[in-house]
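Novice: My questions will all concern the structure given below.
The values are calculated or read from the model by the stated rules, or taken from the named source; none is laboratory data. Small disclaimer: the values here were computed from a predicted structure and weren't measured. Here the Cβ is made from the backbone with ideal geometry for all residues, glycine too, and neighbour counts use every protein chain on show. For accessibility, only protein heavy atoms count, side chains too; no ligands or nucleic acids. Shrake-Rupley method; radii C 1.70, N 1.55, O 1.52, S 1.80 Å.
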Amino acid sequence: MLLEVRNLKTFFHTFRGTVRAVDDVSFTIAKGEILGIVGESGCGKSVTGFSIMGLIEEPGKVAGGEILFDGRRLLDLSDNQMNEIRGKEISMIFQDPMTSLNPVYTIGEQIEEMLTLHSSLSPRERRKRCVELLRSVGIPNPEGRLNDYPHHFSGGMRQRVIIAIALAAEPKLIVADEPTTALDVTIQAQILKLMKALVRERNCSMMLITHDLAVVSEMADRIIVMYCGQIVEEGRARDVIENPSHPYTQGLIGSIPKLNEDKSRLETIHGIVPNMFELPEGCNFSPRCRFCREICFGVKPDFRLANTEGHLIRCHSACGVSEGGNEV
Amino acid sequence: MLIVLLVALFGPCFTVQNPYNLSAISLSDAYKPPFWVEGGELPFVLGTDQQGRDILSAIVYGSRVSLVIGFLGVIFAGGIGVALGLIAGYFGGKTDALIMRLADVQLSFPTMLIALLLMSFFEQGVSNILIALAVVGWVRYARTVRGEVLVVKKKEYVEATKVIGLPNRQTLVKHVLPNVLTSIIVLSTIQIGNFILTEATLSFLGLGVPITRPSLGMLCSNGFKVLYSGLWWVSIFPGLYIMLIVFGINLLGDFLRDEFNPRLK
Amino acid sequence: MFKYLVTRIGQLVAVLFIVSMLVFFMTSVVGDPLQLLVRQNASNEERQAAMEYLGLDKPLYVQYGKFIVSTLSGDFGKSYMYHTSALRLIAERFPATMEIVIVAMLLSGFIAIPLGVYAGAYPKRMLSKTVMTLSVTGISLPSFWVGMVLIFVFGLHFSVLPVSGRGQVGSLLGIQTSFATLDGWKHLLLPSITLALSNMATILRLTRAGMRETMKQDFIKFARAKGVRNRKVLFGHALKNTLIPVVTVFGLQLGTLIAFTTITETIFAWPGMGKLLIDAINAGDRPIISAYIIFVAFMFVFLNFIVDLLYTLIDPRIDLS
């Protein structure tokens with residue numbers, strides 16, 4: 001296992017109370033694996049990513065759990081030691097390419113910074129490597145563009161630059177936080193394809209955070225579905241997509257418009273995401289769940305096996321539900 | 001802040017003498033240090049100056065002059081600036097260009113310098129100071145208000161007033177002005193402090209209020225003449241009081257600005 | 001770039017024109033220079049002669065025309081007080097003023113910007129709050145008062161530093177300057193600190209405000225995710241983005257400093273342009289006042305030009321043309 005997250009808890013302490021943004025989350029990522037983390041905005045998926053990077057800022061705090069990366073316990077490392085890991089072993093791709101690049105440095109300088117920090121290449125070698133990297137992410141005329149500033153690039157091109165930066169130090173794991181959300185749909189597909197190809201080629205692992213099930217289904221080997229800071233379903237990508245077992249996942253998949261089905265209305269998950277300050281006593285999803293029973297309001301559900309091996313859900317009802325379900 | 005205001009309003013009832021009333025001052029009381037220093041005595045808590053004036057009384061009276069100039073200055077500068085800003089922002093076009101170019105030219109010069117040069121041409125006096133302050137102060141108001149008006153103008157409720165045929169003046173006063181009021185208040189708070197400082201500085205240089213109505217800056221200037229003879233209390237205390245007043249105003253201004261600044265929320 | 005230069009020069013001309021008009025009418029309408037030249041009980045003929053000597057008998061527009069012509073050739077007339085060219089007087093005093101301005105600027109730059117970066121990056125820390133309170137005090141202090149307190153404490157009470165005049169000047173790179181001698185530096189210290197104090201507070205507050213906004217940006221988090229060390233994140237990535245408004249204010253502050261030299265120089269009897277101006281105002285010495293105003297106006301337009309150039313160096317998104 002490359003990354004092992006055990007019982008991670010990241011809380012935000014604010015004036016109005018404590019937000020349990022990530023509450024008891026455990027998962028693993030194997031070498032070369034792409035793990036998709038899916039959920040609505042505010043479900044804690046990004047915070048999970050930042051917790052691994054050690055970049056949780058005030059008022060947030062990792063309150064408990066363990067993060068093992070390549071055998072090292074990341075939570076025990078000092079900030080300086082983490083700087084050796086950030087960028088070099090785990091790198092990150094951000095959501096909005098328009099704001100992630102520093103506007104006052106050339107892209108060449110920004111890629112090179114990574115190499116200066118994490119490699120022992122000579123200046124000339126660094127420059128060569130920058131050109132290679134830009135070429136590999138599909139930027140035309142890379143030599144000529146090294147001295148350009150971010151504002152000379154379009155959104156899609158900037159995201160390619162960011163990918164190049166993320167790959168620069170040959171990391172073992174890439175955390176990609178909504179890497180295509182801010183892009184045009186046509187460009188999304190290109191970027192996803194590029195990322196998948198590059199990750200496979202370098203045999204590095206990836207944690208793909210997104211709210212878009214379509215993205216995940218195309219990319220990921222395994223999928224984790226998060227809701228209100230907790231994992232509600234976990235399994236191999238195909239199992240989760242084709243055979244969603246948690247009512248929330250079913251709702252998510254149901255709300256994707258399908259071209260080949262003639263339906264006059266899209267399915268929606270009714271209700272709204274609960275207030276993170278006042279989570280329900282029982283299952284977090286209970287107020288919105290179609291299959292909710294009495295037990296759901298009172299007791300937090302535990303993981304249990306769904307139909308297939310390695311396919312886990314956190315639900316009292318479920319199991320039978322996947323065959324269509326009987327509404328209560 | 002409240003204390004400063006109260007002192008200015010009611011202070012004169014409690015001071016030992018009226019510094020303007022020459023008969024109340026006796027030269028035999030001159031050069032007295034503050035009472036805790038050797039040679040000092042009550043009731044001259046903060047000592048006396050070279051003419052036997054009680055420093056504390058002078059500060060109380062002086063602060064009234066300073067505060068009045070600060071407030072009136074803001075009202076004048078604010079009045080002109082807000083009006084010009086509203087006009088520039090709301091009507092746009094050539095009026096806007098003219099007003100804003102003028103503002104640009106003026107902004108490239110420090111306010112202190114303009115005030116100083118203006119006062120070098122004017123006679124000393126409270127009303128001339130107010131004119132100078134209004135001349136240097138309107139720019140910031142005009143700029144702030146114009147910027148906000150440009151935003152507010154695009155809002156539906158302002159557009160709607162045009163549809164129902166409200167005259168421009170009413171739209172401006174009733175619908176646009178209330179929306180820019182918070183910034184005006186925040187700016188005014190800071191400007192009062194600035195104006196008090198500017199006036200003090202001008203007076204210190206002998207270009208401010210006349211000697212018959214000494215403001216705090218004037219008191220410092222008087223005291224400076226005897227600083228080298230070791231009479232530090234004559235100049236230090238009035239200056240300290242200016243700092244207290246402006247400090248209070250600035251804290252209030254900072255607080256208001258942070259409260260109303262959506263970008264930091 | 002060429003187009004930019006042309007507009008800049010156009011602006012310069014416009015500014016100088018407005019300023020010269022104001023200066024001329026202000027000086028013509030207000031104040032009577034005759035008082036200085038002529039004896040109290042001068043006869044009418046004597047007054048007449050003096051007026052002709054100064055050209056005051058001609059109509060205003062002729063006077064203005066003459067004023068413009070001579071201004072353009074750098075001739076502001078002779079100072080009534082010193083009987084030498086007003087512009088030369090100012091030029092002579094200019095280095096002394098620049099000395100305290102430069103030291104004050106360096107002081108505020110090297111102290112205020114790092115403190116501002118710190119206070120902006122960690123707004124919740126104790127030290128930041130202390131720094132902020134001090135900065136509010138800084139902008140609330142009347143600078144003449146600071147000068148007086150410094151004189152009293154260091155000059156009179158402890159008698160460690162000289163409080164008056166410029167001290168010894170030495171020659172450095174062919175220029176006569178206080179920087180060359182120890183005595184010069186001693187004299188320089190207190191006026192510069194006085195001048196720097198409120199300026200420091202302003203720059204500090206601005207840097208902090210800018211940093212607070214910059215630190216929320218994605219690229220800061222991205223830099224951290226790259227494993228960039230904290231200090232480099234603050235001073236490399238964040239500060240460079242914050243610098244743009246700071247540079248503007250630095251430019252403007254330089255102007256403000258020059259204005260405030262009038263006060264500092266008066267207090268410390270520093271023989272610079274500021275003191276010359278105050279003396280001239282008190283004596284009603286018109287040529288010096290006009291020369292000073294035009295000189296300063298020219299300098300400010302030039303400063304703004306430099307600030308614009310600096311922008312393009314810091315922010316690649318700005319294109320002057």
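Novice: Would you mind finding the one in A:ILE253, A:ILE165 that is closer than 30 Å to A:GLY65 by Cβ, open to solvent by less than 40 Å² (accessible area, probe 1.4 Å) and free of Cβ contacts under 8 Å to residues at least 60 places away in the same chain?
Specialist: When all the criteria are applied, what remains is A:ILE253.
Novice: Still on this structure: Scan (1) more than 9 Å from every other protein chain (Cβ to nearest Cβ); (2) open to solvent by less than 40 Å² (accessible area, probe 1.4 Å); (3) modelled with pLDDT of 80 or more for the single condition B:LEU252 breaks and write down its number.
Specialist: Unmet condition: (2).
Novice: Take segment C:142-156 and flag every residue that is within 7 Å of another protein chain (Cβ to nearest Cβ) and over 20 Å from B:SER203 (Cα atoms).
Specialist: Listed by number, the residues that qualify are C:PHE152, C:LEU156.
Novice: It is to be established whether one or more residues within segment A:125-147 are closer than 23 Å to A:LEU74 by Cα, open to solvent by 20 Å² or more (accessible area, probe 1.4 Å), among the acidic types (Asp, Glu) and more than 8 Å from chain C (Cβ to nearest Cβ).
Specialist: Checked segment A:125-147: no residue is closer than 23 Å to A:LEU74 by Cα, open to solvent by 20 Å² or more (accessible area, probe 1.4 Å), among the acidic types (Asp, Glu) and more than 8 Å from chain C (Cβ to nearest Cβ).
Novice: What helices (runs of 4 or more DSSP H), lying completely within segment B:110-221, carry at least 1 residues that are farther than 22 Å from B:THR95 by Cβ and touching a residue at least 40 places away in the same chain (Cβ under 8 Å)?
Specialist: Output list reads B:111-121, B:126-153, B:177-204.
Novice: Report every pair of residues separated by at least 6 positions or lying on different chains whose Cβ atoms are under 8 Å apart, first residue within segment A:1-29 and in a loop (DSSP other than H, G, I, E, B), second of a type in the set (A, V, I, L, M, F, W, C).
Specialist: Note: pairs meeting the criteria are A:MET1/A:ILE29; A:MET1/A:ALA30; A:MET1/A:LEU68; A:LEU2/A:ILE29; A:LEU2/A:ALA30; A:LEU2/A:PHE69; A:LEU2/A:LEU173; A:ARG16/A:PHE277.
Novice: Let me ask something additional. Could you tell me which numbered condition A:SER91 fails, if it satisfies all but one of (1) more than 13 Å from chain C (Cβ to nearest Cβ); (2) assigned to a strand (DSSP E or B); (3) within 30 Å of A:LYS196 (Cβ to Cβ)?
Specialist: So A:SER91 meets the others, but not (1).
Novice: Find the residue count for segment A:231-249, including only residues that are touching a residue at least 40 places away in the same chain (Cβ under 8 Å) and either open to solvent by 30 Å² or more (accessible area, probe 1.4 Å) or part of a loop (DSSP other than H, G, I, E, B) (or both).
Specialist: Of the residues in that region, 5 qualify.
Novice: Mind listing whichever residues of segment C:219-246 are closer than 16 Å to C:LEU115 by Cα and either assigned to a loop (DSSP other than H, G, I, E, B) or not charged (D, E, K, R) (or both)?
Specialist: C:ASN230, C:VAL233, C:LEU234, C:PHE235, C:GLY236, C:ALA238, C:LEU239, C:THR242, C:LEU243, C:VAL246
Novice: Can you work out which of the residues in segment C:263-317 that are in contact with a helix residue (DSSP H, G or I) (Cβ under 6 Å, 6 or more places away or on another chain) and without any contact (Cβ under 8 Å) to a residue 12 or more places away in the chain is farthest from C:PHE25 (Cα to Cα)?
Specialist: Going through the qualifying residues, I end up with C:ARG317.
Table: residues versus (1) surrounded by 14 or more Cβ atoms within 10 Å (Cβ to Cβ); (2) at pLDDT 80 or above.
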{"site": "C:HIS157", "(1), (2)": "no, no"}
{"site": "C:VAL163", "(1), (2)": "yes, no"}
{"site": "C:SER178", "(1), (2)": "yes, no"}
{"site": "C:LEU189", "(1), (2)": "yes, yes"}
{"site": "C:LEU197", "(1), (2)": "yes, yes"}
{"site": "C:MET200", "(1), (2)": "yes, yes"}
{"site": "C:ARG205", "(1), (2)": "yes, yes"}
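Novice: Let me ask something else about it. Name the one entry in B:ALA97, B:ALA160 that is farther than 24 Å from C:GLY251 by Cβ and at pLDDT 80 or above.
Specialist: B:ALA160
Novice: Now a separate question. If C:PHE260 satisfies every condition in (1) within 11 Å of another protein chain (Cβ to nearest Cβ); (2) surrounded by fewer than 24 Cβ atoms within 10 Å (Cβ to Cβ) but one, which is the exception?
Specialist: (2)
Novice: Additional query: Check C:ILE139, C:ILE68, C:ILE151 and return the single one that is more than 25 Å from B:ILE196 (Cα to Cα) and β-branched (Val, Ile, Thr).
Specialist: Testing whether each residue is more than 25 Å from B:ILE196 (Cα to Cα) and β-branched (Val, Ile, Thr) leaves just C:ILE68.
Novice: Can you go through A:VAL38, A:VAL47, A:VAL104 and tell me which one is within 14 Å of chain C (Cβ to nearest Cβ) and under 17 Å from the mean Cα position of the chain (by Cα)?
Specialist: Step by step, each of A:VAL38, A:VAL47, A:VAL104 is checked, and only A:VAL47 is within 14 Å of chain C (Cβ to nearest Cβ) and under 17 Å from the mean Cα position of the chain (by Cα).
Novice: Looking at (1) in a helix (DSSP H, G or I); (2) more than 9 Å from chain B (Cβ to nearest Cβ), which is the one condition that is false for C:PRO316?
Specialist: That leaves (1) as the condition not met.
Novice: Kindly indicate which of C:ILE306, C:ILE288 is more than 10 Å from every other protein chain (Cβ to nearest Cβ), surrounded by 14 or more Cβ atoms within 10 Å (Cβ to Cβ) and assigned to a helix (DSSP H, G or I).
Specialist: Exactly one of C:ILE306, C:ILE288 is more than 10 Å from every other protein chain (Cβ to nearest Cβ), surrounded by 14 or more Cβ atoms within 10 Å (Cβ to Cβ) and assigned to a helix (DSSP H, G or I), namely C:ILE288.
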